[in-house]
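The values are calculated or read from the model by the stated rules, or taken from the named source; none is laboratory data. Not measured: the values here are computed from a predicted model. Note that each Cβ is placed from the backbone with ideal geometry, even for glycine, and that neighbours are counted across all protein chains shown.
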Amino acid sequence: MDVEVAVIGAGVVGLAVAQALARSGHEVVVLERNLLIGAETSARNSEVIHAGIYYRSGSEKAALCVRGKELLYAHCETQGVPHKNCGKLIVATSEDQFATLQDYQAQAMRNGVGELRWVDQDELHQLEPAVNALAAVYSPTTGIIDSHQYMLSLQGLLESHGGMIAFDTQVASVERRPQGQTGAGLQLVTNQGAIGCRWLINSAGLWAPGLAQQLDDATPAARYAIGHYYSYAAAPFNRLVYPVAAAGGLGVHVTLDLAGQARFGPDIRWIDSVDYEFDDSRREEFVTAIRRYYPALDESRLQPGYTGIRPKLELSQGQADDFVIRGPQAHGVPGLINLLGIESPGLTASLAIAERLDALVAAA
């Protein structure tokens, strides 16, 4: 069979792109290896609507997070997706971290996030009495979202505009059709048979680099970073609380779900293959990190929750850690768009990525 647009991956980004293209009048089929939407990275994250603070000015992460946040809040309102604009405090537990908080304030302004208000120790204690820190900056546009309901809303929009999801469909290879052969220019070999398409959106998350490498020699290799989340019942927080960011991630922070339950995480550990098993052996490292800003932590209430794996990329020397969107102008393969390294803030940026790809297809 041939289709106009094939999207590999029914995670949050794949669904966002698919529904945008369907709403623009394209024939769209999403190919998903699992039996339900959002079964991997999209179901294993903090469910945070990020503001866009941390990312390098001019990066894809910065631009797409800030634009995506705007689109996502609007989508939640119009589509009835549960969410809350609860705000976030980034806390300094020592005076030598004050300069980092000031850097966040400056970076937020450069990225178009807006002002991060300085919060002194007295105000911080009034806002979050359980937090022990010397100062903080407050991000008013950070929020939380029910990611599953969000993905269901995207699926509904896709299907209402004629698109569909083919579950239990794993793409084994991507090929160019021989020159002179009529019809779609790309062919996918799947466990359900061959599918031809004019446009292929590779949004396969952890598996995207491996598929992209079949047609694009310049594709960086995948690198996997697992993060562990612990649940914590009845935590005394009203907002998200983050420490100063750590290398490779944002540090072990506390996030809330829409029912008010807390979770701490994630850490970052490099692994060689995709394995979601929870390793409780470094619990004490978690406890130490959390007690830096929440000294009243009751370790007995800290329970293993779940893990998530960041779809990172093997970076060459000097290469920045960023989203990679490689279309035909970059690799020379007509109709192919690879989405690589779409880790956090991928959920927040999803509708902005969709907007970008919709414009790329329309301009072709």
Give Ala108, Ala133, Ala166 a once-over and let me know the one that is surrounded by 20 or more Cβ atoms within 10 Å (Cβ to Cβ) and within 23 Å of the chain's Cα centre (by Cα). Ala108
Pairs, first at pLDDT 95 or above in the stretch 277-288, second in a helix (DSSP H, G or I), C-beta under 6 Å, six or more apart: Val287/Glu299
Give the residue that is surrounded by the most Cβ atoms within 10 Å (Cβ to Cβ), with candidates limited to residues of the stretch 173-196 that are modelled with pLDDT of 95 or more and part of a loop (DSSP other than H, G, I, E, B). Gln192
Considering the stretch 199-208 alone, what residues qualify as being more than 16 Å from the chain's Cα centre (by Cα) and either without any contact (Cβ under 8 Å) to a residue 24 or more places away in the chain or within 20 Å of Leu347 (Cβ to Cβ) (or both)? Ile201
Restrict the check to the stretch 211-223 and report whether at least one residue is crowded, with 16+ Cβ neighbours inside 10 Å and part of a strand (DSSP E or B). yes
Can you tell me how many residues in the stretch 96-150 are part of a loop (DSSP other than H, G, I, E, B), within 30 Å of Pro82 (Cβ to Cβ) and not small (Gly, Ala, Ser)? 11
Being farther than 21 Å from Pro311 by Cβ and crowded, with 24+ Cβ neighbours inside 10 Å: is that true of Ile53 here? yes
